[in-house]
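Asks: This is the structure, below, for whatever I ask next.
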Amino acid sequence: MPTAPVPLPPAEIIAAMRVIAPPGQARPDAGTLAALRGLTRELVAATPGAADEHARFLAIRDRQLPVPEDALTTRLNGAVILVTGGTGCIGSALMTQLAAYRPARLVSVSRGTAYGYPRVPWAWYRENTDIRDRVLLDDLLRLIQPDIVFHVAAQRDPGLAETEVHRTVTTNVLGTRNVLAAATEAGVAQVVCASTGKALRPYSPDIYTASKRAAEWVTSQADWPVRVSAGRFTHVADNSIIYRRLHEWAAGRDGGAVRLHSDRIAFYVQSAAESAQLLLAALLGGARGQYRVNAISDLGWPVGLLDLALGVLADTGSEAPVYFSGYDRGYEEIPFPGLYDPATAVDVSPLLNAFEAAAVVDSPCPGVDAFRADMAPGPGADGLLATLERVCGWTENPDAVRGALDDLSWALLNGTLRAAPRQALERAAALARRHGGSLDTGHRRVLRAIEDHAADEILDLTRLDEILARRRLFRYRLGDWACRTCDHDRAGHQHFRPGSDCGWCECRRWRPTLWPRRRYRW
């Protein structure tokens, strides 16, 4: 009797799928999709654990984060509270939890309406309020006079951010600044901001990550008279973008294929309830004069994307094929290898990088890690933020806005490194050097910046005049910055953008240009 063919192991099936349909295709042809469909059936059958992974992902929606109830009652009972983005998934969960503490007034302001989420019957929901409109925000906060503001509104889709660059930057960066400025004018006591785990990357060319990183810097500025703190979220199961897309693809929409960037992706997940409770913990952990960022300590084991996709296909009975498309713009394929330090990573939340792990402070919530966000980007960062605002006011051209944001992002990287402990810098550099041959251009530049700061090669420009005078040299005036490799000044340099005249030099290092102001007589 003929024997049944031996099923291939999953790794061999995946390898065959990659050969049949190499990454980078906008839409595989019908013949390729048919071949992928047969291999996907084999992969589902060969991965029985995918159903368990799917069930584990859905179960995360029920997770809760314990918070100090008595302390929250003291802070929130009888208070006037405003939530930006209070009609979205996390905003709605936050509004529900805040209502339980019986505030005197609970207000949500949002640009539009997100349907499908519960509302607090007695709360005031103010829609058509865009946080990019500073005048409207000023008027609204002056009218409401809130004691506490929770800032949750944002453009949160990394893929959409790459096409809607202007809206993402003006909402996430300038909108956050507007909220803080309006809260300051209205005499608000504390602002709690929602951030993202992607902001742990000290530098990123991706618009969403860079915009949220810049928003954290804006929030961390010491000159805000209000108390400011934040909570970092990772992937939220209740409003998961990828989970929604998996179901759309399983239903045959958008070309009829399940498009995964890779078969090796795993990601941390938390619930909307945990996210709201994290913001409540951040409220209690705020400290005047310090910007503290909070993240959940234990997020559980990461969810495997391929197993989740196969679980959805098995659950729905879909015949949609899986296609490994490669990484779209806005999603990082390989993180910077010095991002985590094995010496500290196991002790803190995975949403803290090696530099942040060195600045951990006490948290009022045992399930939360908090760190003091220190950034010392120097006097140039404020000017780059002003430039970004001017560019956004002049044009919606995505390349122009992207370039201005990227300039600010590199300045914030230097600010992060300038504030980091030398030991953390040296450890990060040593970890990254092991992967020197595989680093891309951006990561090589990050490594060089870390090495420079670790070796104290970057001067403290705020004390440059004092240093020169103390050495009885000429009194100099700080000019522009020039690239140490090609000697072009910053204004004329293209910062290693493709096709630029300075592309070859990779902007290795910058030095201040100086010229005499007047000679001292000694």
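Asks: Please arrange ASP298, ASP130 by how many other C-beta atoms lie within 10 Å of their C-beta, fewest to most.
Replies: ASP298, ASP130
Asks: Moving on. Please give the Cα centre distance for the range 57-91 versus the range 321-342, rounded to the nearest Å.
Replies: 31
Asks: For the range 346-381 and the range 185-254, compute the distance between their C-alpha centroids and round to whole Å.
Replies: Value for the Cα centre distance between the two parts: 16 Å.
Asks: What Kirkwood radius, in Å to one decimal, follows from the Cα pairs of the range 65-143?
Replies: This gives a value of 13.2 Å.
Asks: Right, something else. Which value results for Rg/Rh of the range 380-454 when Rg is the Cα radius of gyration and Rh the Kirkwood radius based on the inverse mean 1/r?
Replies: Radius of gyration over Kirkwood radius for the range 380-454 works out to 1.10.
Asks: Continuing with this model, one more query. Just to confirm a number: summing +1 for Lys and Arg and -1 for Asp and Glu over residues other than SER438 whose beta-carbon lies under 13 angstrom from that of SER438, what do you get?
Replies: So the environment of SER438 carries a net charge of +1.
Asks: How do PHE355, PHE267, PHE57, PHE150 line up, fewest other C-beta atoms within 10 Å first?
Replies: By the 10 Å Cβ count, ascending, the order reads PHE267, PHE57, PHE355, PHE150.
Asks: Neighbour counts of other C-beta atoms within 10 Å: give me GLU164, GLU396, GLU53 arranged from fewest to most.
Replies: GLU396, GLU164, GLU53
Since every read-out is calculated from the coordinates, none of them should be taken as a lab result. Quantities reported herein were computed from a predicted structural model and do not represent experimental measurements. Here the Cβ is made from the backbone with ideal geometry for all residues, glycine too, and neighbour counts use every protein chain on show.
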